[in-house]
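S.K.: Take this structure, written in structure tokens, and hold onto it; I'll ask about it next.
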Amino acid sequence: MSNPFFKNNGPILILDILKILNINLTDLEENAKINDIKDLSTSNELDVTFFHSQKYKELAKKTKASFCITTEFLKNELPTSCVPLIVENVLVSVSKITSIFYPDAVNDDFDNSVINISETDFKDKVIYGKNVLIGKNVSIGKNCKIGHNTIIEKNVSIGNNCSIGSNTIIRNSLISNNVKILDNCIVGKHGFGFFPNKTKNLRYPHIGIVIIEENCEIGCGSTIDRGSMSNTFIGKNTYLDNQIHIAHNVKIGENSIIAGQVGIAGSSIIGSNVRIGGQAGISGHIKVGNNVEIGGGSGVIKNIPDNTKVMGYPAKNIREFLRDNK
Amino acid sequence: MSNPFFKNNGPILILDILKILNINLTDLEENAKINDIKDLSTSNELDVTFFHSQKYKELAKKTKASFCITTEFLKNELPTSCVPLIVENVLVSVSKITSIFYPDAVNDDFDNSVINISETDFKDKVIYGKNVLIGKNVSIGKNCKIGHNTIIEKNVSIGNNCSIGSNTIIRNSLISNNVKILDNCIVGKHGFGFFPNKTKNLRYPHIGIVIIEENCEIGCGSTIDRGSMSNTFIGKNTYLDNQIHIAHNVKIGENSIIAGQVGIAGSSIIGSNVRIGGQAGISGHIKVGNNVEIGGGSGVIKNIPDNTKVMGYPAKNIREFLRDNK
Amino acid sequence: MSNPFFKNNGPILILDILKILNINLTDLEENAKINDIKDLSTSNELDVTFFHSQKYKELAKKTKASFCITTEFLKNELPTSCVPLIVENVLVSVSKITSIFYPDAVNDDFDNSVINISETDFKDKVIYGKNVLIGKNVSIGKNCKIGHNTIIEKNVSIGNNCSIGSNTIIRNSLISNNVKILDNCIVGKHGFGFFPNKTKNLRYPHIGIVIIEENCEIGCGSTIDRGSMSNTFIGKNTYLDNQIHIAHNVKIGENSIIAGQVGIAGSSIIGSNVRIGGQAGISGHIKVGNNVEIGGGSGVIKNIPDNTKVMGYPAKNIREFLRDNK
């Protein structure tokens, strides 16, 4: 994935990685420098990858990575060019190693590096309110407005003709032209992603960002979390009403209209020209097709094909819903 | 409707209006000055009105307006004193013309005219927190409190003995005596009203306001949108819990009690002495009678008569709901 | 209950209490000083207590209080050492008397006593953002971070290694070590508790607090109300996602995971190791056992035993839900 914002702390010596994983590789020939942690298909010779489920067997066979975090059970699928690093829990181990490469992507403490916009070069090109704060690595286009008490934390790019409301906080986001983000929104914080653990849950890094395409509008009090290993994405001319929650890794197509208090759980993919009524909820890892209409209050717990109207909890074809509820 | 806040940019020459609508009226006798755009029944000789549905036929026959935005199909219902302005889409055209009369009612960019309350006359009569900002055309009664970082944007009237929390933003609202609005609320922003359009949705103006009658309480994190062509209204002694969303044009009666995370969609009318349980949702353009009880989590998708208890999704009589779910 | 924060205005003379209740006790021997108002079992000789329902009969028989607010119908259950104070509505009367003992616990006007953190001793030990405000009776442990525009109002104790986001408001709360509270949260405000009354609802005091145990995380835009007569409690290592509402008196156990936009109504008790899916709602005064899983969108309206998986509205056993919705 593209990752313009999170600084990679690599290269990291393989012996340091092994130490974190509590692995002792007696036949290691060289203390190689590892550049990054990547998935099976995108990793190169100098990366470490991970393989945690049979369903990625075909990808595993072709990986170019020299090292792969995996299990005793799966290790034989890897090519001989790839050294298996055997662990008990692959995802927890991946989380630990990703934290080493991207230490800034684990915690979302407030950005302490921000300064008042009046002390930046933006003071002459942006129309801004009182107490507006700007972090590092921020760009803002022409003809933009930023309301009172709003904080543009680090790693944000805002296009031309954008209007950001008051009391809003944005970080790790790419915002295109003509986007409106209203008051009290939180955009780009890490998602609700962690490994449950009896004494202290283990947060995994979120190295994804939020991408909002041109002409979108985001209503008051909405929260849009950034992705963990991929990005959270909102397509062109999609409008969100107030108090909406978009979880990490969610993708929404173009020209969609989402009414108040809707929630979309992690990693779901919503098509273009979709209309979602107020308070509807979409489960995680669901695919909603193009030109779909979802009635207000619905609970969508399985994939919805293109050109369908659904309603209910669980959501079903709207004709069926109306017939069952006459 | 009463409209104390949005400045009318009129009069506007009829030829300028025709140009925007792409209409060439060859037999126009005079370049008349048009004062306002109003509905069929309230418009006068110097106004332009609009007529987009058969169901307003009787009102159309009696309109006093000299010009009416309408369709080829409907034009013959108008009196001879009213010149039809034939368009493809009446509501889109109304939106365009309303934007000319009320340019401030389309966008809700932050109010850049606010100043710190300590620089206003309110500094001696209001108990206020740090960083409180006050816009133009604001009045505040006796014995009021306004919390930290709260922004009273333009066009707000606050009665006596009101308590506004911190981090709250209010604009275009009339707030009566003894009202409490808690922290993190957004009151008076435009609603989620626009004409969908493939490349860029077309927002229509919201010239309505929010009216909150005396003794009301609004919980933390709630959003109350102002109306588009009418007002959003909350009757006396009605209490709203946290994280509630009230959409544009909604009217709520007196003595009603609305629990947390409820959402009421646009233009619905809720009676007096109504109780709505947590997370319930009311569809748009619905009428809920007086003395109605709506169970928590319900989804109300049709009118509810007076003195009824309902629950479920879709909401039905509570006896029926309990019987069906034994 | 433990009550470290709300100052007790007592002792108050029994004749002053009687006057407020409109009671004339002709045979009162002495104008006793009453220390506090407490429940039947914890009150002592110098307290006033209350007894409003048959189900507390056994406790009533053993109360040590010298005076008890109750009804004509219930008074004979009290021991002879306890003088009954007969009223029409016990809870309204309790509310009035509690307001006299704890006047600060009725209203939640903004805390006007806060000062900028840079003017406090915390300036050298806390990493803080711009415009951070600190009230009276606040303690903050080692290695804490507090984001921009955040307000720690009066009566808050924060442990070590805590990270508080930006635009958040906290009051009347005990927060343990290693807790994260993200942006835009409101923690410790009074709950939605009042006696409905035709012309003006009567708010009752909230003398409870919010207790958040170590290693918890609270997501953006969440609201956690403090308790009325008991505390609102969140156990160790429990994680809340964004836009969650926790009402007054709610108790949540350890190691629980609650997804976005969930709402838990007043006085419900949630066990440990509980998982609640997005947008689920839990009615008030409900008991959810340990190791329970509640599907997203569910509406829980009755007690759920330990080790159960439920889904639906109303929530039922998940096997039943899936079978009924095939």
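S.K.: Which count do you get for residues in region C:177-216 that are modelled with pLDDT under 95 and not in a loop (DSSP other than H, G, I, E, B)?
M.R.: Total meeting the criteria: 4.
S.K.: Continuing with the same structure: Is it the case that some residue within region A:216-228 is of a type in the set (Lys, Arg) and facing another protein chain (nearest Cβ under 10 Å)?
M.R.: Within region A:216-228, not a single residue is of a type in the set (Lys, Arg) and facing another protein chain (nearest Cβ under 10 Å).
S.K.: Before we move on, is C:Asn31 under 20 Å from C:Asn9 (Cα atoms), exposed (fewer than 14 other Cβ atoms within 10 Å of the Cβ), out of contact with any His (no Cβ under 9 Å at 6 or more places or on another chain) and not charged (D, E, K, R)?
M.R.: Taking the combined requirement at face value, the residue satisfies it.
S.K.: Only one of (1) facing chain A (nearest Cβ under 10 Å); (2) in contact (Cβ under 8 Å) with a residue 12 or more places away in the chain; (3) over 15 Å from the mean Cα position of the chain (by Cα) fails for B:Pro196. Which number is that?
M.R.: With (1) facing chain A (nearest Cβ under 10 Å); (2) in contact (Cβ under 8 Å) with a residue 12 or more places away in the chain; (3) over 15 Å from the mean Cα position of the chain (by Cα) applied to B:Pro196, the lone miss is (2).
S.K.: For region C:57-75, state whether one or more residues are of a type in the set (Gly, Ala, Ser) and either surrounded by fewer than 17 Cβ atoms within 10 Å (Cβ to Cβ) or within 14 Å of chain A (Cβ to nearest Cβ) (or both).
M.R.: No.
S.K.: Something else about it: Under 19 Å from the mean Cα position of the chain (by Cα), more than 9 Å from every other protein chain (Cβ to nearest Cβ) and either surrounded by fewer than 19 Cβ atoms within 10 Å (Cβ to Cβ) or of a type in the set (A, V, I, L, M, F, W, C) (or both): which single residue out of A:Val288, A:Val292 fits that description?
M.R.: Going through A:Val288, A:Val292 in turn, just one is under 19 Å from the mean Cα position of the chain (by Cα), more than 9 Å from every other protein chain (Cβ to nearest Cβ) and either surrounded by fewer than 19 Cβ atoms within 10 Å (Cβ to Cβ) or of a type in the set (A, V, I, L, M, F, W, C) (or both): A:Val288.
Yes/no matrix, rows are residues, columns are (1) facing chain A (nearest Cβ under 10 Å); (2) in contact (Cβ under 8 Å) with a residue 40 or more places away in the chain; (3) aliphatic (A, V, I, L, M); (4) surrounded by fewer than 24 Cβ atoms within 10 Å (Cβ to Cβ):
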{"residue": "C:Ile234", "(1), (2), (3), (4)": "no, no, yes, no"}
{"residue": "C:Asp241", "(1), (2), (3), (4)": "yes, no, no, no"}
{"residue": "C:His248", "(1), (2), (3), (4)": "no, yes, no, no"}
{"residue": "C:Glu254", "(1), (2), (3), (4)": "yes, yes, no, yes"}
{"residue": "C:Ala259", "(1), (2), (3), (4)": "yes, no, yes, no"}
{"residue": "C:Gly263", "(1), (2), (3), (4)": "no, no, no, no"}
{"residue": "C:Ser267", "(1), (2), (3), (4)": "no, no, no, yes"}
{"residue": "C:Gly281", "(1), (2), (3), (4)": "no, no, no, no"}
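S.K.: Return the residue satisfying two criteria in turn: it lies in region C:295-326 and is in a strand (DSSP E or B) and charged (D, E, K, R), and of such residues it is farthest from the other protein chains (Cβ to nearest Cβ).
M.R.: Top of the filtered list is C:Lys309.
S.K.: Looking only at residues that are within 21 Å of the chain's Cα centre (by Cα) and of a type in the set (Gly, Ala, Ser) in region A:269-279, which one is farthest from the other protein chains (Cβ to nearest Cβ)?
M.R.: Here the answer is A:Gly271.
S.K.: Right, here's the next one. Among the residues in region C:162-174, are any facing another protein chain (nearest Cβ under 7 Å), free of Cβ contacts under 8 Å to residues at least 40 places away in the same chain and among the small types (Gly, Ala, Ser)?
M.R.: yes
S.K.: For B:Ile134, which of the numbered conditions (1) out of contact with any Gly (no Cβ under 8 Å at 6 or more places or on another chain); (2) touching a residue at least 24 places away in the same chain (Cβ under 8 Å); (3) crowded, with 24+ Cβ neighbours inside 10 Å fails to hold?
M.R.: (2)
S.K.: Separate question: Need pairs with beta-carbon distance below 6 Å; first residue within 18 Å of C:Val94 (Cα to Cα) and in the same structural domain as C:Ile17 (by TED's automatic domain parsing) and within region C:53-78, second of a type in the set (Phe, Trp, Tyr) and in a loop (DSSP other than H, G, I, E, B); sequence gap 6+ or separate chains.
M.R.: Short answer, once both residue conditions are applied: C:Ala60/C:Phe51; C:Cys68/C:Phe51; C:Thr70/C:Phe51; C:Leu74/C:Phe51.
S.K.: Hey, another quick one. Scanning for something buried (at least 24 other Cβ atoms within 10 Å of the Cβ), in contact with a helix residue (DSSP H, G or I) (Cβ under 8 Å, 6 or more places away or on another chain) and within 14 Å of chain C (Cβ to nearest Cβ), does region A:199-208 turn up at least one residue?
M.R.: Looking through region A:199-208, at least one residue is buried (at least 24 other Cβ atoms within 10 Å of the Cβ), in contact with a helix residue (DSSP H, G or I) (Cβ under 8 Å, 6 or more places away or on another chain) and within 14 Å of chain C (Cβ to nearest Cβ).
S.K.: Restricting region C:96-124 to residues that are among the aromatic types (Phe, Trp, Tyr) and under 30 Å from C:Gly10 (Cβ atoms), which is farthest from the other protein chains (Cβ to nearest Cβ)?
M.R.: So the residue we want is C:Phe101.
S.K.: Which residues, counting only those in region B:301-325, are hydrophobic (A, V, I, L, M, F, W, C) and under 21 Å from the mean Cα position of the chain (by Cα)?
M.R.: Across region B:301-325, the qualifying residue is only B:Ile301.
S.K.: Also: May I ask you to say which residue of B:Ile301, B:Ile276, B:Ile318 is buried (at least 17 other Cβ atoms within 10 Å of the Cβ) and more than 22 Å from C:Asn325 (Cα to Cα)?
M.R.: Unique residue meeting the criteria: B:Ile276.
S.K.: Just one of C:Glu153, C:Glu213 is of a type in the set (D, E, K, R), within 14 Å of chain A (Cβ to nearest Cβ) and surrounded by 19 or more Cβ atoms within 10 Å (Cβ to Cβ); which is it?
M.R.: C:Glu213
S.K.: Out of the residues in region B:76-96 that are in a helix (DSSP H, G or I) and more than 29 Å from the chain's Cα centre (by Cα), which is farthest from B:Lys64 (Cα to Cα)?
M.R.: Among residues in region B:76-96 that are in a helix (DSSP H, G or I) and more than 29 Å from the chain's Cα centre (by Cα), the one farthest from B:Lys64 (Cα to Cα) is B:Asn76.
S.K.: Given the conditions (1) in contact (Cβ under 8 Å) with a residue 24 or more places away in the chain; (2) more than 30 Å from B:Lys154 (Cβ to Cβ); (3) basic (Lys, Arg), report the number of the one that B:Lys7 does not fulfil.
M.R.: Against the list (1) in contact (Cβ under 8 Å) with a residue 24 or more places away in the chain; (2) more than 30 Å from B:Lys154 (Cβ to Cβ); (3) basic (Lys, Arg), B:Lys7 comes up short only on (2).
S.K.: So, of the residues in region A:133-152 that are in a loop (DSSP other than H, G, I, E, B) and more than 17 Å from A:Val179 (Cβ to Cβ), which turns out to be farthest from the chain's Cα centre (by Cα)?
M.R.: A:His148
S.K.: A follow-up question, please. I need the full set of residues from region C:113-129 which are part of a loop (DSSP other than H, G, I, E, B) and out of contact with any strand residue (DSSP E or B) (no Cβ under 6 Å at 6 or more places or on another chain), in order please.
M.R.: If the condition is that a residue be part of a loop (DSSP other than H, G, I, E, B) and out of contact with any strand residue (DSSP E or B) (no Cβ under 6 Å at 6 or more places or on another chain), then C:Ser113, C:Lys125, C:Gly129 are the ones that fit.
S.K.: Something else now. Is it the case that region A:12-19 has a residue that's under 26 Å from the mean Cα position of the chain (by Cα) and either in contact (Cβ under 8 Å) with a residue 24 or more places away in the chain or exposed (fewer than 13 other Cβ atoms within 10 Å of the Cβ) (or both)?
M.R.: Yes.
The values are calculated or read from the model by the stated rules, or taken from the named source; none is laboratory data. Every value quoted in this text rests on a predicted model; they were computed, and no experiment measured them. So basically every Cβ, Gly included, is an ideal-geometry build from the backbone, and we count neighbours across all protein chains shown.
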